[in-house]
1. Can you flag which of Lys208/Lys257; Lys255/Lys282; Lys8/Lys299; Lys8/Lys66; Lys208/Lys252 are past 20 Å Cα-Cα?
2. Using the count of nearby Cβ atoms within 10 Å as a rough guide to exposure, how do Tyr15, Tyr183 rank from fewest to most?
3. Could you work out how far apart the two model spin labels at Ser61 and Lys282 are, taking each label as a point 7 Å from the Cα in the direction of the beta carbon, and quote it in nm?
4. Any chance you could run the full-extension gain for Val186 through Glu13? It's 0.36 nm times the residue separation minus the Cα-Cα distance, nm to one decimal.
5. Pick out, from Ala11, Ala115, Ser65, the residue whose Cα sits farthest towards the positive end of the charge dipole of the chain, with +1 on the Cβ of Lys and Arg and -1 on the Cβ of Asp and Glu.
6. Relative to the Cα centre, what is the charge dipole magnitude of segment 234-330, using +1 at the beta carbon of each Lys and Arg, -1 at the beta carbon of each Asp and Glu, and rounding to the nearest 20 debye?
7. Give me the aspartates and glutamates in straight-line cross-link reach of Lys289: C-alpha distance below 19 Å, same-chain residues under 8 apart excluded.
8. Using only Cα atoms, locate the centre of segment 105-149 and the centre of segment 69-90, then give the distance between them in Å, rounded to an integer.
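What follows is calculated from the coordinates using simple rules that are stated; it is not laboratory data. Keep in mind the model is a prediction, meaning the values are calculated, not measured. When we count neighbours, we look across all protein chains shown, and the Cβ atoms used for this are built from the backbone with ideal geometry, even at glycine.
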Amino acid sequence: MSDKTRKKLTAEELYAFSDEMGMMISSGVSSIQGITMMLDESQGGEEKELLTEMESIVSESGSLSKAIESVDVFPDYFVEMAKMGETTGKMDSVLTNLAAHYSREMAISNAIRSAVTYPLMMVAMMLIIIVVLVTEIMPVFDRVFKQLGGTMDGLSEGFLAVGSFIKENGVIMLIILLAVVIYFIVINKTTWGKNHRNNLLYKSRRFKSIHSKIATSRFASAMAMTLSSGMDVMQALDVSGRIVEAPDFEKKLEKCKDSFAETMDIGRAFSLSGIFGGLYGKMAILGAKTGNMENVLEKVATTYQEEADEEINDFIAVVEPTLVIILSVIVGIILLSVMLPLLNIMSGMI
């Protein structure tokens, strides 16, 4: 295995690999032939290096799962699913299920990204406009006031002082801005940061509801994938639980494992643990009785994702006009604090 440390593959890359490889194996292409075909189509760089190493491992061992594990860029649950697929002879089915799972992960990520990006852009725009107004426009009005024999006072004087402070302490402000950017990078890239972020955001009922539905959708999708691939229930619970990042979900998962150990009824365990509530809990119980659990879990995963998307869209529908209103009010207050006194001075000169 290469000594070079590689980055873990993204959901998009995992989807592309599992989808392409799954289709080739389903069509009767062997693992080594599939890797070779992907290598021929690669664009070079890290992708070609990775596929070359995988091709070498598959050639020596005849095992695709060993190659997936050895290159150390696939998540643990992907590795375990590949091993299961190879053991049961269902590698094509496993890869197809993984592709479907990562397709859903991509949809969730895109929904979250769109919910966060536009409000952040609005906030950045608002701050830039305000900074330009207080640092560049306000001094111009101040000179006009002095030429007309007046002075800024009250609110306009306060905005002028803020602008002067920002100009005089520009380096300090940039350092603070850089620290804020680094903080956001840390909370989005590290395990500690994600836990810290979620603990803070969980104080919001709306975020808690959205995050809980996303977590449940991911879990249900993973459970459908693992069970349909032949994994036993307890192992499937372990593997699927690793995909979910939610403070409250681990407790529910442990309760689900205990309930299943007592009742040996996974549908009832889902319902009793609170992982699936209400109608979804009843659907899980019915799915277990009819032997149709995988389809039920896929339906539950899709429904929870749709509900999460709907809540995210509702949130954006509230945030966007609110930010526009706040921006308009702040800019309006700054301009009025200058224009009204200026109009009074000019009317007195007529």
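1. Lys208/Lys257; Lys8/Lys299
2. So the residues, fewest neighbours to most, are Tyr183, Tyr15.
3. With each label point 7 Å from Cα toward Cβ, the separation is 4.8 nm.
4. Working it through step by step, the gained length comes to 60.0 nm.
5. Ala115
6. Magnitude of the dipole: close to 460 debye.
7. Reachable aspartates and glutamates: Asp232, Glu262, Asp265, Glu298.
8. Using only Cα atoms to place each centre, the spacing works out to 48 Å.
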